Amino acid sequence: MTDPVRRYLDGEVELESVPPSQRAEAVAWGRLLDAFRRELPGGSAPPWLEQRVMAEIRVLPAPGRLRRAMEWVLQPRPLRISPLMAGAAVAVVLALLLAPPFGGGGPGMPSVREAVILVQFSLEAPGARSVAVGGDFDAWAGSHALSDADGDGVWTGRIPVSPGVHSYMFLIDGSDWVTDPGAERYADDGFGNRNAVLAIATPAT
């Protein structure tokens, strides 16, 4: 007699707490014990009772392979994880959560999976210490720096921009926003200034 069956017969647990593969045994034991409690004085059981119960259990149909497999899968088991393995798992989860999205870049940098066009920007600004381009493609951060390699006051640079219609301006010395005088289109920015407008077509595939 298994411990779950014994606990059921002693009234410590309900039948649902007995593993499914042992419930038929528990029911058989319970049925015979109830019969002998009614018939025998004092409810004492004869020594041959266990043999009779086991005989009844042996003629019960055995559970099929699928049922045995499901019982094995559903049976709860303790899971032991070493502190080293737990720490490694936590580190992996944190790395996945904190890593930037695949193909992503810094502010204004399009994903490597997006189509981008290198656009040549140019501004004549003699005396400027630095010139950058900012627009809706980099959340107006002015993160794309131009260069004046020969010192003639003409600042140029090729900036990756995704296809679409974009507004932009030049940022001089990190503080002064200047509209591109050579832009083909302009749009009011709502603050009394004009943004240059750039339209970029999607490249043919």
LEU33 versus ALA183: modelled label distance in nm, points set 7 Å from Cα along the beta carbon direction
8.9 nm
Determine the gain in length on full extension of the stretch ARG7-ARG129; use 0.36 nm per residue of separation and subtract their C-alpha separation, reporting nm with one decimal.
35.2 nm
Could you tell me how many cubic angstrom of Cα convex hull volume the stretch 140-205 has per residue?
121 Å³
If amide H atoms are built 1.01 Å from N in the plane of the peptide, which residues on other chains or at least 5 residues away come under 5 Å of the amide H of ILE200?
GLY164, VAL165, HIS166
Label-point separation, ARG23 to ALA149 (7 Å along Cα→Cβ), nm
8.1 nm
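Laboratory data are not the source of any read-out in this text; all were calculated from the coordinates shown. The model shown is predicted, which means the values in this text are computed figures rather than measured ones. Backbone-built Cβ (ideal geometry, glycine too); neighbour counts: all protein chains shown.
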